[in-house]
Amino acid sequence: MFELTSSIRENAPSMGQVMLDIVDLKKVYPTPKGDYVVLEDLQLQIKKEEFVTIIGHSGCGKTTLLSMIAGLNKISGGAIVLNGQPIIGPGPDRGVIFQSPSLLPWMTALENVMLAVNQVYPKATKTQKLDVAKYYLAKVGLSNDINKKARELSQGMQQRVGIARAFSLKPKVLLLDEPFGMLDSLTRGELQDVLLEVWNKEKITAIMITHDVDEAIFLADRVIMMTSGPKAQIGKIEEIKFERPRDRKSIIEHDDFYHYRKSLIDFLEH
């Protein structure tokens, strides 16, 4: 595949260094009855090439946190530092995958991914850009569907395009907000495997919100558990010690899987 040296790859931290540092983070929404404090004094460090999942009850501020990391939601206090630089707005150094992939329905799968590639590699030739887009579409299993319009694709296939588009940005951090939440269980499992397969090759720092405990364990190096709001914080962090690459059957049959599962469920129930 075509490779470019770009500003995105400059100043990359070495293995084990902190990629994302969240310090004293606070988010306040004004309401007619006074300020509503969603997050307060939230502290979290995420290392380069780490995959973390975030769980917590609805309304605890998970999506608010992710949107602030994406630069789509202003912080009320504290700081979010990405690779040594405070986040002050959105940028291509963060790829976002939402529950709905937000594709342009009249464009093909290839054209939707090319929108991202054009952002990252403005000086590349058209052929080089096409090579990048086709590479990531192939990685998510869509080699034979690149010329289909987004509206012609199933929900699962659209999300595959969303995954390809996000990885094609070569972001420093990949942000995933319940990307498989609207899919049936079979498609969900397939796309978890697709995501891990691409991530294992790219090793991009990833932060994913999920309500699915099993999904949180299967994908993550650490599971971040948030307390209920208002004034939500990090309540507990569970380190998942399964080796990578991971095999779903082996993990589900492993005794530690049920230890991790109990730990997460106990937290959510108390």
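Overview of results
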| quantity | calculated |
| --- | --- |
| Of (1) 1.05; (2) 1.01; (3) 1.11, the label for Cα Rg over 2.2 N^0.38 Å derived from the coordinates | (2) |
| Those trypsin sites (Lys or Arg not before Pro) in segment 8-89 that DSSP places in a loop and that have at most 16 other beta carbons within 10 Å | ARG9, LYS33, LYS74 |
| Beta bridges by DSSP in the chain, antiparallel share as percent, to the nearest 5 | 55 percent |
| Segments 94-102, 158-166 sorted - mean Cβ within 10 Å per residue, highest first | 158-166, 94-102 |
| Sparse-neighbour loop sites [GluC sites (Glu not before Pro); segment 235-270; at most 10 other C-beta within 10 Å; DSSP] | GLU243, GLU253 |
| Highest-fluctuation residue, ASN118, ASN144, ASN73 considered, GNM on the chain with Cα pairs under 10 Å | ASN144 |
| In degrees, nearest ten, helix 109-120 long axis to first principal axis of the chain (Cα) | 70 degrees |
| Once the Cα gyration tensor of segment 160-270 is diagonalised, semi-axes √(5λ) in Å | 23, 18, 14 |
| Per principal axis, descending, Cα span of segment 10-113 in whole Å | 47, 38, 25 |
| Least to most buried among THR125, THR227 (fewest other Cβ within 10 Å first) | THR125, THR227 |
| Reachable lysines from LYS241, criterion Cα separation under 20 angstrom, eight or more residues apart if same chain | LYS47, LYS48, LYS201, LYS203, LYS249, LYS262 |
| Burial ordering of ILE55, ILE87, fewest other beta-carbon atoms within 10 Å first | ILE87, ILE55 |
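Coordinate-derived values only; no laboratory data. It should be emphasised that the depicted structure is a prediction, and the values quoted were computed from it without experimental measurement. Positions of Cβ are backbone-derived with ideal geometry, glycine not excepted, and every protein chain shown enters the neighbour counts.
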